[in-house]
Amino acid sequence: MFDLIVRNANLPDGRQGFDIGLAGGRITAIEKRIHAVAGEEIDATGRLVSPPFCDPHFHMDATLSLGMPRMNMSGTLLEGIALWGELRPLLTKEALVDRALRYCDLAVSQGLLFIRSHVDTSDPRLVTAEALIEVRERVAPYITLQLVAFPQDGYYRAAEGAKSLERALDMGIDIVGGIPHFERTMDEGRLSLEALCRIAAERGLPVDIHCDETDDPMSRHIETLAAETIRYGLQGRVAGSHLTSMHSMDNYYVSKLIPLMAEAQINVIPNPLINIMLQGRHDTYPKRRGLTRVRELMAAGLNVSFGQDCTMDPWYSMGSADMLEVGHMAIHVAQMSGIEDKKQVFDALTINSAKTMGLDGYGLEVGCKADLVILQAADVIEALRLKPTRLCVVKGGKVISRSAPRIGELFLAGRPNRIDSGLDYVPKTSS
């Protein structure tokens with residue numbers, strides 16, 4: 001007896017027309033045909049069924065704050081940071097919670113059920129930490145929210161940066177964050193990484209660093225991060241986010257750097273939407289793309305996952321909680337247009353991100369948690385092209401979101417004869 005059976009599903013690995021049986025909050029069967037009854041059945045009609053999307057890099061404390069207290073007129077990273085500094089003293093817990101919950105509702109409709117959010121700890125009030133800890137508890141039934149203590153103004157540069165970060169961790173923030181390239185000097189950036197990795201090792205926590213988010217090829221804090229990861233035995237538990245300076249580094253140095261990162265088992269988190277928008281701003285022409293060396297890092301065996309970073313905030317006036325939009329941009333900016341390339345991009349939105357986040361029971365295999373998404377697309381390549389409707393989102397074996405099929409997507413997919421098939425939902429199956 002199953003709680004739910006999803007029939008006629010196409011799977012991310014290319015298998016087509018399989019049934020997926022869910023019971024007791026787990027995937028208990030994946031077979032060509034399940035001959036059994038279920039409390040509910042959904043006919044996926046040859047659509048893609050995927051594990052939920054994961055966003056390993058986001059700023060939920062700033063989300064949906066666009067225009068507060070003013071717009072970022074230059075659209076640059078530095079004006080965004082300055083603007084956030086103007087907004088921060090005006091933040092209230094109630095407003096932060098409200099915006100975050102609205103974003104989480106949007107995320108669920110997009111099949112995004114796992115999010116890692118950086119939480120600015122530079123304001124000693126720590127209202128951001130209080131708010132996001134409350135949000136983490138309130139959304140727990142449908143979204144797994146990880147929180148990073150992020151000293152936006154610098155661990156050493158901010159007046160109480162070090163103390164505030166430790167207090168946030170004492171409050172229950174999950175992960176140690178940092179931003180070494182924003183410290184006053186390169187040496188203070190190095191020292192901040194030494195301190196942050198030591199804190200993580202002492203507390204048994206992961207590390208996620210905004211690292212070298214700049215066009216400066218001499219910003220090489222990732223080298224220090226890798227070395228400190230090895231020094232403190234944190235292999236596999238450390239993420240380097242952005243790493244955009246690698247786009248500008250010379251090839252000889254990178255040939256040394258990537259093996260060091262691989263030795264440290266660094267998780268790499270590029271943010272394609274933000275990186276292509278904010279990097280290269282000082283260039284005339286030729287203009288650098290700014291995205292880190294995705295293809296080379298993947299080829300070296302590093303775990304690469306893509307983040308959304310921002311949605312309608314001081315840094316980015318766009319965004320939609322759609323990780324397929326992130327992947328779509330990655331294909332273009334990283335020039336990963338081959339069939340296998342696109343499959344790797346899809347993995348970077350799902351299984352790679354789950355590994356970065358250390359998620360237990362994630363995936364679309366027997367024994368994994370009963371979390372999945374049905375998309376209005378036949379396969380992962382079509383999903384990345386169309387960024388299609390999430391027809392159905394399932395959490396713990398229960399449907400938590402449903403969207404009507406869009407006719408236009410059927411035509412784009414080359415199946416105009418299937419307008420009426422959409423998604424067949426049968427609440428009760430007779431024996």
*Name, by its number, the condition in (1) more than 15 Å from the chain's Cα centre (by Cα); (2) part of a loop (DSSP other than H, G, I, E, B); (3) touching a residue at least 60 places away in the same chain (Cβ under 8 Å) that does not hold for MET277.*
(2)
*asked:* So GLY361 passes all but one of these: (1) touching a strand residue (DSSP E or B) at 6+ places or on another chain (Cβ under 7 Å); (2) part of a helix (DSSP H, G or I); (3) of a type outside the set (S, T, N, Q); (4) farther than 20 Å from ILE209 by Cα. Which condition number does it fail?
replied: (2)
*Could you tell me whether the stretch 192-205 includes any residue that is among the hydroxyl-bearing types (Ser, Thr, Tyr), surrounded by 24 or more Cβ atoms within 10 Å (Cβ to Cβ) and at pLDDT 95 or above?*
yes
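Report, by residue number, each residue of the stretch 144-192 that is of a type in the set (Lys, Arg) and closer than 18 Å to ARG88 by Cβ. Explain how you work it out, then say what you get.
If we filter the stretch 144-192 for residues that are of a type in the set (Lys, Arg), which is where we start, we get 157, 163, 167, 184, 190.
Selection gives ARG157, LYS163, ARG167.
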*Given the residues PRO217, PRO259, which is the only one that is touching a helix residue (DSSP H, G or I) at 6+ places or on another chain (Cβ under 8 Å), surrounded by fewer than 16 Cβ atoms within 10 Å (Cβ to Cβ) and more than 24 Å from SER117 (Cα to Cα)?*
PRO217
*asked:* So if I check each of LYS343, LYS355, LYS387, which one is surrounded by fewer than 24 Cβ atoms within 10 Å (Cβ to Cβ) and in contact with an Asp or Glu (Cβ under 6 Å, 6 or more places away or on another chain)?
replied: LYS387
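Go through the stretch 101-134 and give me each residue that's aliphatic (A, V, I, L, M), farther than 24 Å from TYR155 by Cβ and buried (at least 24 other Cβ atoms within 10 Å of the Cβ). Before you say what the answer is, go through the steps one by one.
Of all residues in the stretch 101-134, those aliphatic (A, V, I, L, M) come to 101, 106-108, 112-113, 115, 119, 126-127, 129, 131-133.
Remaining after also requiring farther than 24 Å from TYR155 by Cβ: 101, 106-108, 112-113.
Correct list: ALA107, LEU112, LEU113.
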*In the stretch 274-301, which residues are among the aliphatic types (A, V, I, L, M) and surrounded by 21 or more Cβ atoms within 10 Å (Cβ to Cβ)?*
ILE274, MET277, LEU278, LEU291, VAL294, LEU297
*Just one of the numbered conditions (1) out of contact with any Leu (no Cβ under 8 Å at 6 or more places or on another chain); (2) in a loop (DSSP other than H, G, I, E, B) is not true of TYR142; which one?*
(1)
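Counting only residues that are among the small types (Gly, Ala, Ser), in a loop (DSSP other than H, G, I, E, B) and over 28 Å from GLY240 (Cα atoms), how many does the stretch 58-112 have?
Step one: filter the stretch 58-112 for residues among the small types (Gly, Ala, Ser), giving 62, 65, 67, 74-75, 80, 82, 85, 95, 100, 107, 109, 111.
Imposing the further condition that a residue be in a loop (DSSP other than H, G, I, E, B) reduces the set to 62, 65, 67, 74-75, 111.
Filter once more, keeping what is over 28 Å from GLY240 (Cα atoms): 67.
So the count comes out to 1.
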*Within the stretch 376-389, is there a residue that is closer than 25 Å to LEU147 by Cα and not in a strand (DSSP E or B)?*
no
*Scanning the stretch 16-31 for residues that are in a loop (DSSP other than H, G, I, E, B) and in contact with a Lys or Arg (Cβ under 9 Å, 6 or more places away or on another chain), which turns out surrounded by the fewest Cβ atoms within 10 Å (Cβ to Cβ)?*
GLY17
*Do we have PRO89 as assigned by TED's automatic domain parsing to the domain that holds ARG281, touching a residue at least 24 places away in the same chain (Cβ under 8 Å) and either in contact with a Cys (Cβ under 8 Å, 6 or more places away or on another chain) or loosely packed, with under 15 Cβ neighbours inside 10 Å (or both) here?*
yes
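From the list MET1, MET73, MET68, which one is over 21 Å from the mean Cα position of the chain (by Cα), closer than 25 Å to VAL148 by Cα and aliphatic (A, V, I, L, M)? Give the derivation first.
Details: MET1 fails: closer than 25 Å to VAL148 by Cα; MET73 fails: closer than 25 Å to VAL148 by Cα.
It is MET68.
Specify the residue that is surrounded by the most Cβ atoms within 10 Å (Cβ to Cβ); the eligible residues are those in the stretch 150-191 that are of a type in the set (Ser, Thr, Tyr) and touching a helix residue (DSSP H, G or I) at 6+ places or on another chain (Cβ under 6 Å). Spell out the reasoning first.
From the stretch 150-191, those of a type in the set (Ser, Thr, Tyr) are 155-156, 164, 185; that's our starting set.
Those still in the list that are touching a helix residue (DSSP H, G or I) at 6+ places or on another chain (Cβ under 6 Å) too: 155-156.
On the way: TYR155: 29, TYR156: 19.
Among those residues, the one meeting the criterion is TYR155.
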*Among residues belonging to the stretch 32-49 that are aliphatic (A, V, I, L, M) and part of a strand (DSSP E or B), point out the one that is surrounded by the fewest Cβ atoms within 10 Å (Cβ to Cβ).*
ALA38
*What tally of residues in the stretch 280-311 results from selecting those that are in a loop (DSSP other than H, G, I, E, B) and on the phi > 0 side of the Ramachandran plot?*
3
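Which residues, counting only those in the stretch 195-222, are of a type in the set (D, E, K, R) and closer than 28 Å to ASN251 by Cβ?
Of the residues in the stretch 195-222, the ones of a type in the set (D, E, K, R) are 198, 202-203, 208, 212-213, 215-216, 220.
Once the filter is applied, which keeps residues that are of a type in the set (D, E, K, R) and closer than 28 Å to ASN251 by Cβ, the stretch 195-222 yields ASP208, ASP212, GLU213, ASP215, ASP216, ARG220.
Kindly indicate the residue of the stretch 121-139 that is touching a helix residue (DSSP H, G or I) at 6+ places or on another chain (Cβ under 8 Å) and outside any helix (DSSP H, G or I) and also farthest from GLY161 (Cα to Cα) among those meeting that condition.
If we take residues in the stretch 121-139 being touching a helix residue (DSSP H, G or I) at 6+ places or on another chain (Cβ under 8 Å) and outside any helix (DSSP H, G or I), then LEU126 is farthest from GLY161 (Cα to Cα).
The values are calculated or read from the model by the stated rules, or taken from the named source; none is laboratory data. Just so we're clear, the structure is a prediction, and the values are computed from it rather than from any experiment. Glycine gets a Cβ as well: all are built from the backbone with ideal geometry, and neighbour counts include every protein chain shown.
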